Each structure stands twice: as structure tokens, then as C-alpha cells.
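Notes follow once the structure below has been shown.
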Amino acid sequence: MSLGLTVLICICSVGILAGRIYEILRLTDIETGFLITEGIALNPVLLVLFAVITVCCGMIIFGSEKDDEPFFSKSSGIFADMAGAAFIVYGIMAVSQSRAAVFMIAGGIALIITGLTGLGSKPKDIAVIVLLTVFAAGMCLDVIIFDVYSVYYTEFMHRVLAYSSIIMVILAVLKNVYAPSGWSGMLLYISGMLCFAFSGMLSIAELICSFAVWQGFSVVIIRNIALALFGVYALDNALSVLPKEKKVQGKREEYPSRRRERKKEISYDIKTEEKYSSSEFAAAFFAVENPAEEKSADISAEVKDKRIFKGSRQPSSKTEKIVYRKPRD
């Protein structure tokens, strides 16, 4: 089920990619960047609907999964390094154009450190937390104070969605690493899938349209590359926390093996020279597996033959006494 729901979210993300490409090429004024008519991919109703679908799928997948251990993805470190390098290049190139460039450089350094510390393992320096916090604060300032436009300006709306989803992923990763709880996996999955759509897919659509309507190289292309790489990094984190089906199957296969071991233990623990029949041995094994049966056994038989038997068994004659002993766990 988890894989099917994840594929459903990915299909919706690809739909956002296609809608954004159509929106840029057909419904947007290329010179000004404003929408001529109501958009498709950046339609608030569709965006909210996609977010609700993602949250519901995450709750269904992780509804019964409670794990307090941190989740790590070795491959995510590679994408973190690539995204960090792209953010550093973007920050250096945009120093004279954007006041948030310094924050982007700090975020790129934090992502590279996160990727190099064991390719996804727990960062060992408090500086990583500080740099990631500065990165998130810089993105908030960029869309709230530094570079604010109308909501009809599609490039600005793209930045708002991408930065918001990246901040959610950063918070989810920090919680997963430093304060893991039963909900860490679900939060990382939901934020990662949202970031993959809002940061990765929308940025890839921007890049495709930039090459389709080539107007020269610009800093915006580097920024879209960085956002797209971070979207892939978020997707890798989301996939890494999916419940593993093999673990469930392994738990189901534990019981037969444990049963065979206990059966062997019973055969060695019966201290009597009498060779019981297969039906008697099955009754003994059933009693060990069901302790309630042992309590209901009749131990008041008055006979002179005394045998020690582990399980539930009726005396074969009036001259036989059966002493029941509680089986060891």
C-alpha cells in the first residue's frame, strides 16, 4: 500500500510539472512574468487539494508505524552535497542582486556538511543546526521582506512554495536527527513529498521553459537548479522512511522457527522413559503453547505409578499418576 500511495503522489507531482509548463508557455506574459488568466499549477484550490492528498496518504502509510529511532538515507548525502554546491554558486552570483544571497551561501555550506558527515548520518557539530536555521530564516525574509511581488507574479509564487516546502523539510530533518519520535517518519515523508512537488517539479518546469524560450543565461537558472536538486534530496528522504515490507514478513516468519525450537525443548525436557505416541506429544505441545490448558488439567488422580509429564494428558489407567510441571518459557 505504501508504494502505491507514493506512486499516486508522484503522478500528481508530474501533473503539477505539466500544468506549470503549460501555464508558463500559454497563460503567462513572458516579458513581465504575470499571468494573463487564471493559472493551473499555481491554482490555490489545486495546491491545497494536492497537499491534502499528500497528508492523507502519509497518515495512512504511517498510521500504525511508531518508531523512535532516527531514519537515515545514505544516498541523500549525495543530493545534499549537490544542492548545497548549487546554493553556494547561486549565492555568490546573486550577492549584488539579492539581500538573501548570504543566507543561501550559509544554507549551501550546511547542506554540504550534512552530506559529508557520513552521507546522511547525524551531524556532529552544532554549527550545522545554526547554518540550517540561518538558511530557513533567509528564505522567509526573502519572500516576506526582501523581494516581495504580487501573487499574480508566477516566479514569486514559485519561490514562496519552494521556500516554504524547503523549510518544512529542514525542520523535519532536524527533528528526525535530534528529537526522533513516533511521528518523525510521517513528518519527514509528508514534507519530503510536498517539497518534491513544490520545489523540485516546479523548478524543473521553470528550467524546461527557460531553455524552450531562451533569453540568455541568468542567476534564476542556477537558483532553479538548486531548488530542483533540493527537491530530489527531499524525495530521497521521503522514500527512505517508508515502512519496509520485508520487516513485516520477517516477523511473520519468526513464529514457525520459534515453534520448532520450543518443540525441540519440550522433547528434551520430558523426564520419563516412556515413549509417548505422536498424539500425546501433540497434546503436550499444545498445552505449552496454550498455558490455560495446563491450568485446567486434572491433577487429583490417585494412582501408584508416578510419571513427570509436561502438558495436558489423561491417565491411561487407574494405576497411573501424572505429575504436571509448569513449562519453562
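Residues of segment 1-31 being part of a loop (DSSP other than H, G, I, E, B) and without any contact (Cβ under 8 Å) to a residue 60 or more places away in the chain, which ones?
LEU27, ASP29, GLU31
When ILE92, ILE105, ILE9 are checked against the criterion of being surrounded by fewer than 20 Cβ atoms within 10 Å (Cβ to Cβ), at pLDDT 90 or above and either within 25 Å of VAL143 (Cα to Cα) or hydrophobic (A, V, I, L, M, F, W, C) (or both), a single residue qualifies: ILE92. For segment 61-69, state whether one or more residues are of a type in the set (S, T, N, Q), more than 30 Å from the chain's Cα centre (by Cα) and surrounded by fewer than 14 Cβ atoms within 10 Å (Cβ to Cβ). Within segment 61-69, none of the residues are of a type in the set (S, T, N, Q), more than 30 Å from the chain's Cα centre (by Cα) and surrounded by fewer than 14 Cβ atoms within 10 Å (Cβ to Cβ). With respect to LEU47, determine if the residue is on the phi < 0 side of the Ramachandran plot, assigned by TED's automatic domain parsing to the domain that holds ALA205, touching a residue at least 60 places away in the same chain (Cβ under 8 Å) and assigned to a helix (DSSP H, G or I). Taking the combined requirement at face value, the residue satisfies it.
The values are calculated or read from the model by the stated rules, or taken from the named source; none is laboratory data. Being a predicted model, the structure only gives us computed values, none of them experimental. Neighbour counts are summed over all protein chains in view; Cβ atoms, including those assigned to glycine, are modelled from backbone coordinates with ideal geometry.
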